[in-house]
1. Once R0 is set to 30 Å, what does the formula 1/(1 + (r/R0)^6) return for the Cβ-Cβ distance between Phe362 and Asp137, expressed as a FRET efficiency to the nearest 0.05?
2. Quick check on packing: order 267-275, 149-157 by the mean number of other C-beta atoms within 10 Å, highest mean leading.
3. May I ask for the distance between the Cα centers of the stretch 55-105 and the stretch 147-193, given as a whole number of Å?
4. Which value, in debye to the nearest 20, describes the size of the charge dipole of the stretch 191-292 about its Cα centre when Lys and Arg Cβ atoms bear +1, Asp and Glu Cβ atoms bear -1, and nothing else is charged?
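Throughout, read-outs are computed from the coordinates displayed, never taken from laboratory work. What you see is a predicted model; the values in this text were computed from it and never measured. FYI the Cβ positions are ideal-geometry reconstructions off the backbone, even for glycines, and counts take in every protein chain you see.
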Amino acid sequence: MLAHLLAIFAFTAAANARAQIAVVGDGGPGPVRAQHLTAELVALGPAIAPGGTQQVGLVLTLDKGWHVYWINPGDSGEPPRIAWTLPAGVTAGPMQFPIPKRLPLGPLMDFGYEGEVAFPVTIAAAPTLKPGPMHLDAQVSWLVCAQVCIPGKAHLGIGLTVQPGTPQAPLAGALGEAITLVPKPLPAGTKFSVTGGAQQFVLTLIEGRRETNAEFYPYPSESTANEAQPPDAIVNAAEQKIEPQRDGVRLTVERSPDLAALPAMLRGVLKFSNTVAYDVSAPVPGEVAAANGGSTTSTTAIGAIGLAFLGGILLNLMPCVFPVLFLKGLALVQAAGAGGGRNRAHLLRHGLTYALGILLSFWMIVAVLLALRATGSHAGWGFQLQSPVFIALLASLIFLLALSLAGQFEIGLSLTSAGSSLVDRAGAGKQSYSGSFFTGVLATVVATPCTLR
């Protein structure tokens, strides 16, 4: 029954995720419509010369109120991606990202784009490429978000002609504008430096003129062998303090508390306006890192343990979790009443069995989701909360539990034990260990989608 119960909810999550990432398009040219956006591959010109290059790009036109993400999405999200299938002798460079904007979402801060955005890609042709038509094929994926996030995929394509003597195409349209908005290297003579501390980074740019506006967007942190997903360098949502200088600007940004030690280099984009931004990087002085590294690590570890403990207590008061705790509490109270004070060891065993039900449920959910992701699916635990049917069922269950807590009716051990078949009737009304186990399963299924992000 455990396998059946978890399979139902895992299937619900996977089905919703797959339904939302149904591939649109057949690989042909032209725009395709997906949920909340239109996607298209475009080129600056129709031809490419042997040994030359041509600029193509992914253009996403978003519905009002929706956004997609920069290469570093900020506190949530993921950037668009392209997987190319190209003719022999043709190569594609990395996808480039134009200047992003800050997208506040409650206490979080995302980095991305609204309206229309293009992501340029440089296509290069080998000198030996023969003249004639060719087709570029691309599998594109993205995450589009408003109050909810919906993953999407498209099979796009574009045709080019290999033609000797093809002139350089002018910058025009959405792709041409995006090429001009890709952050540029710092001009000659400009100096950029970083000073790191226990709580902040101070970024200084000297370029010979006063700057009054600046924003810093860090590039994603590079992972190490022992760190699958390294923490962000800064607190993305924190205010960035601007100090205009006679010959530049100084910007103070809050260091992420999850950053155990100062990085060797700080890389990112320094934005002055919607049309001017520079690709910057600078080493963080080693003596500062050595001075703060040890104490920061210790404080962070202690603070993380304390916050995790406090978070666990607060989660027990959430609307999704509290009714489930009521179910288990009801079972323990009834079991204690049936056996008196002599049942302390018996109740402890039931509590451990309940915890085992939660742990095994989590492990099974993770195993199913990892298997689905290995096949290319974007399934995740919590996607089911974007399904109106699942929301209606979950709301109905919590509403019934609230009525029971208000004294309108008594649920009894049949629901507490996740079904009367899981109650040991031979035990004079005592809850069976299978009942405790499946109450843990019920807690996982009902509560975790609301607490996991």
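1. Between Phe362 and Asp137 the formula returns 0.15.
2. Values: 267-275: 16.9, 149-157: 20.9.
Ranking the peptides 267-275, 149-157 by packing returns 149-157, 267-275.
3. That distance is 10 Å.
4. 380 debye
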